[in-house]
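Here's the structure, in structure tokens; my notes come after.
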Amino acid sequence: MLSMPVVDALLCNGCGLCLTVCDCEAFVFVGNVVQVIESPDCGYCTDCESICPTGAIHCPFEVVIEENYEISIE
Amino acid sequence: MVIEADVLKSIPYFHGLSSEELEAVRARVFEQVVDRNDMVILEDEPAQAVYFVVSGAIKVFKTSIEGKEQVLCVVRPGESFNDVAVFDGGPNPASAVAMTPTRLYVISKKDVEKLLREDSIIATNVIGVLARKVRHFVSLVEDLSFRHVTGRLAKLLLEYAGDHEWAGTESTSKPKLTQQEMAAMVGTAREVVGRSLKALEEEGAIRMDRHRIVVTNKKILERMSGVPAA
């Protein structure tokens, strides 16, 4: 499953700014709040997170060491 | 294009105005509609007007000679930008670009000056708006003791990377961090985290791989964090 931004429906005020900033149409209104739909075009730009006035959208990052890093530096 | 009084009322500049006063403002407002990525103002150009976001969002930023961008703020509905240049008579201090299709209300420099002279409520409101902006920028200046923030962020990434207590656990159980959380953890603004991540990427310490921050060179990251290499 593709990692996508996450919306906290309790914080969403339905302003729709995320819909307008998103190039890949990953946000849809369901009732008065937005939901995320999986989009292969999502490049995880995090514009939706930065534009959200209520902090309802999260783009979490996993921090990992490069695979084979230890081998490659030997 | 109709200038809506209800929208004007929601803008902090015009809080508490009577219908007549709002009408005087309305007569001096014009509307501008811009598309995503349209430049609204350019840094160092003469200031022509103050802008109010009605819908959409505007990014206010400065660009260094090397082309690095520092976001100063994101302006959302109800908020204004380019106020400083209109009031101090200098050029635009920063550039502004539309992040989304955006509707703006615009008042020319000359008309803003007239409104301030004519209406003390607007003058008081403007002082409040500018004071909040000064507070925001003071906080940003504090954050932009920049090298320090990059170092703290490098340290945080090292802690969250492979050799931490959850190393080897299932990917789904590893904690993930948003840029907002990283900002809170290193004591800075989200805007500064974005720039610091870019700086770490340019140094070859990390690679942004969609939802992953991949540590590509731990030694560089350790050097930048000030943590002695193991």
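From the list B:Lys110, B:Lys68, B:Lys114, exactly one residue is out of contact with any helix residue (DSSP H, G or I) (no Cβ under 6 Å at 6 or more places or on another chain), more than 14 Å from chain A (Cβ to nearest Cβ) and farther than 27 Å from B:Ala5 by Cβ. Which is it?
Just one listed residue meets the conditions, B:Lys68.
Out of contact with any Cys (no Cβ under 7 Å at 6 or more places or on another chain) and surrounded by 17 or more Cβ atoms within 10 Å (Cβ to Cβ), is that true of B:Asn37?
Working: out of contact with any Cys (no Cβ under 7 Å at 6 or more places or on another chain): yes; surrounded by 17 or more Cβ atoms within 10 Å (Cβ to Cβ): no.
For B:Asn37, the condition - out of contact with any Cys (no Cβ under 7 Å at 6 or more places or on another chain) and surrounded by 17 or more Cβ atoms within 10 Å (Cβ to Cβ) - is not met.
Is it the case that some residue within the range B:101-120 is part of a loop (DSSP other than H, G, I, E, B) and either surrounded by 14 or more Cβ atoms within 10 Å (Cβ to Cβ) or in contact with a His (Cβ under 8 Å, 6 or more places away or on another chain) (or both)?
Filtering the range B:101-120 for residues part of a loop (DSSP other than H, G, I, E, B) gives B:101, B:119.
Next, from what is left, pick out any that are either surrounded by 14 or more Cβ atoms within 10 Å (Cβ to Cβ) or in contact with a His (Cβ under 8 Å, 6 or more places away or on another chain) (or both): B:101, B:119.
Within the range B:101-120, one or more residues are part of a loop (DSSP other than H, G, I, E, B) and either surrounded by 14 or more Cβ atoms within 10 Å (Cβ to Cβ) or in contact with a His (Cβ under 8 Å, 6 or more places away or on another chain) (or both).
For the range A:34-74, enumerate the residues that are assigned to a loop (DSSP other than H, G, I, E, B), within 8 Å of another protein chain (Cβ to nearest Cβ) and at pLDDT below 90.
Scanning the range A:34-74 gives a single hit, A:Glu66.
Having 1 or more residues that are polar (S, T, N, Q) is the bar; report the strands (runs of 3 or more DSSP E) wholly within the range B:2-68 that clear it. I'd like the intermediate steps shown before the answer.
On the way: elements: B:30-34, B:39-41, B:49-55, B:58-63.
It comes to B:30-34, B:49-55, B:58-63.
Is it true that B:Ala47 is more than 14 Å from every other protein chain (Cβ to nearest Cβ), surrounded by 17 or more Cβ atoms within 10 Å (Cβ to Cβ) and in contact with a Gly (Cβ under 9 Å, 6 or more places away or on another chain)?
Yes; evaluated as a whole, the condition is true for this residue.
Residue by residue through the range B:195-210, note down the ones that are within 12 Å of chain A (Cβ to nearest Cβ) and in a loop (DSSP other than H, G, I, E, B).
Within the range B:195-210, B:Gly204, B:Ala205, B:Arg210 meet the criteria.
Considering only residues that are part of a loop (DSSP other than H, G, I, E, B) and modelled with pLDDT under 90, which ones fall in the range B:211-230? Break it down into steps so the answer makes sense when it comes.
Of the residues in the range B:211-230, the ones part of a loop (DSSP other than H, G, I, E, B) are B:211, B:216-217, B:226-230.
Once the filter is applied, which keeps residues that are part of a loop (DSSP other than H, G, I, E, B) and modelled with pLDDT under 90, the range B:211-230 yields B:Gly226, B:Val227, B:Pro228, B:Ala229, B:Ala230.
Restricting attention to the range B:74-93, which residues are within 14 Å of another protein chain (Cβ to nearest Cβ) and closer than 13 Å to B:Lys133 by Cα?
Going through the range B:74-93, the residues within 14 Å of another protein chain (Cβ to nearest Cβ) turn out to be B:74-79.
Correct list: B:Val74, B:Val75, B:Glu79.
More than 14 Å from chain A (Cβ to nearest Cβ), surrounded by 20 or more Cβ atoms within 10 Å (Cβ to Cβ), in a strand (DSSP E or B) and of a type in the set (Gly, Ala, Ser): does that describe B:Ala96? If you could, list the steps in order and put the result at the bottom.
Working: more than 14 Å from chain A (Cβ to nearest Cβ): yes; surrounded by 20 or more Cβ atoms within 10 Å (Cβ to Cβ): yes; in a strand (DSSP E or B): yes; of a type in the set (Gly, Ala, Ser): yes.
Yes: the conditions hold for B:Ala96.
Say we look at the range B:80-93 and pick out the residues that are in contact (Cβ under 8 Å) with a residue 12 or more places away in the chain and more than 18 Å from the chain's Cα centre (by Cα); which of these is surrounded by the fewest Cβ atoms within 10 Å (Cβ to Cβ)?
Step one: list which residues in the range B:80-93 are in contact (Cβ under 8 Å) with a residue 12 or more places away in the chain, which gives B:80-87, B:89-93.
Subsequent filtering for residues that are more than 18 Å from the chain's Cα centre (by Cα) retains B:86-87, B:89-91.
Working: B:Val86: 23, B:Phe87: 16, B:Gly89: 10, B:Gly90: 12, B:Pro91: 13.
The qualifying residue surrounded by the fewest Cβ atoms within 10 Å (Cβ to Cβ) is B:Gly89.
Of these, B:Val134, B:Val149, B:Val192, B:Val141, which one is assigned to a helix (DSSP H, G or I), surrounded by fewer than 16 Cβ atoms within 10 Å (Cβ to Cβ), modelled with pLDDT of 80 or more and more than 10 Å from every other protein chain (Cβ to nearest Cβ)?
Working: B:Val149 fails: surrounded by fewer than 16 Cβ atoms within 10 Å (Cβ to Cβ); B:Val192 fails: surrounded by fewer than 16 Cβ atoms within 10 Å (Cβ to Cβ); B:Val141 fails: modelled with pLDDT of 80 or more.
After ruling out the rest, the residue left standing is B:Val134.
The values are calculated or read from the model by the stated rules, or taken from the named source; none is laboratory data. Keep in mind it's a predicted model, so treat the numbers as computed, not measured. Cβ: placed from backbone, ideal geometry, glycine included. Neighbour counts: every protein chain shown.
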